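Here the structure comes first, spelled out in structure tokens, and everything after it is commentary.
What follows draws every value from the coordinates through simple rules; no lab data is involved. Every value quoted in this text rests on a predicted model; they were computed, and no experiment measured them. All Cβ positions, glycine included, derive from the backbone under ideal geometry; neighbour counts span all protein chains shown.
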Amino acid sequence: MLKKRLHRVYVFGDFTLTLFWIALFILSLSGMINIDQVPYVYLDQGILLIFTVSYIIGFIRAPKKRKYILDNIFNLLAIIPLNLLNIGILSRANRIFRIINLLAKLGQNKNSILYRNGFIYALYASACIVFVGSGFYSIVENISYVDSIWFSIVTMTTVGYGDIVPQTPWGRVIAAVTMMFGIGFIGMLTSTITNYFKDKQTKQRDDQSDLEEQEQQSELHRLSEQVAELTQIVQQLSEQLDAEKKHLK
């Protein structure tokens, strides 16, 4: 019981810190804070240190190191110090992988809608296209990262308001890739939702049929027991009649 409680506390703390870490990143992109100044830089680096230590401890305690790395690949990508490469806004964009890891935890149940038709992997790919592709788009088009996110989402969902249009060849390439992924993602989303509710209705009908079959079997079993009791009573009466006939003779 204590172990389960500690695990819940750990998961809740991990979730809270991840959201706060992402919030710092978004506030910095919007210009509301400067993440490179005190106290935000201490908060940012402190959370990064916590996640790094947590990953290292988990790796040391894991009996199968290779499996641990594969199962926590997004957590590893999130703690890579890209700021050493001096690539601007992209140096902190890798923390988005923490959100992808949280989505994976939410979809651990294989019966979840996230696992229908491999939708969880399409979700991973789309998240990477939106957040990472937006970083490159902001560089080649020389616009803010927030505007790039908006452009990627509008393009991915095939809405296409036209308020932001790529002007450079590389910008058009990124937009084309985003469009193709967006069309595939929307199609998969539609089919996944349809199949999910269709399978759910089928399962409900199957459960109802199983319940009715169980009730019929129970009724047959009850009738069989009653027939057996009546047969035994008839046999006893027959034996009594034979005994009385012998007695009269």
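In whole Hz, with x marking every Gly and Pro, tabulate ³J(HN,Hα) for segment 37-51 from phi via Karplus 6.51 cos²θ - 1.76 cosθ + 1.60, θ = phi - 60°.
Residue by residue, segment 37-51 yields 10, 5, x, 5, 5, 5, 4, 4, 5, x, 5, 4, 5, 4, 5 Hz.
How many nm separate the modelled label positions at Arg66 and Arg5, each set 7 Å beyond the Cα in the direction of the Cβ?
Output for this residue pair reads 4.0 nm.
Starting with the highest mean, order 191-204, 217-230 by the number of other Cβ atoms within 10 Å, averaged over the residues of each peptide.
Output ranking for 191-204, 217-230: 191-204, 217-230.
Suppose each label sits 7 Å from its Cα in the direction of the beta carbon; what would the Thr158-Val146 distance come out to in nanometres?
Calculated label separation equals 3.0 nm.
Karplus couplings for segment 153-161 from phi (6.51 cos²θ - 1.76 cosθ + 1.60, θ = phi - 60°), rounded to Hz, Gly and Pro as x?
5, 4, 6, 4, 7, 6, 6, x, 5
From the phi angles alone, apply the Karplus equation (6.51, -1.76, 1.60; θ = phi - 60°) to segment 56-72 and give each ³J(HN,Hα) in whole Hz, x where the residue is Gly or Pro.
Ordered by residue, 3J(HN,Hα) equals 5, 4, x, 5, 5, 7, 5, x, 10, 5, 4, 5, 4, 5, 5, 6, 10 Hz.
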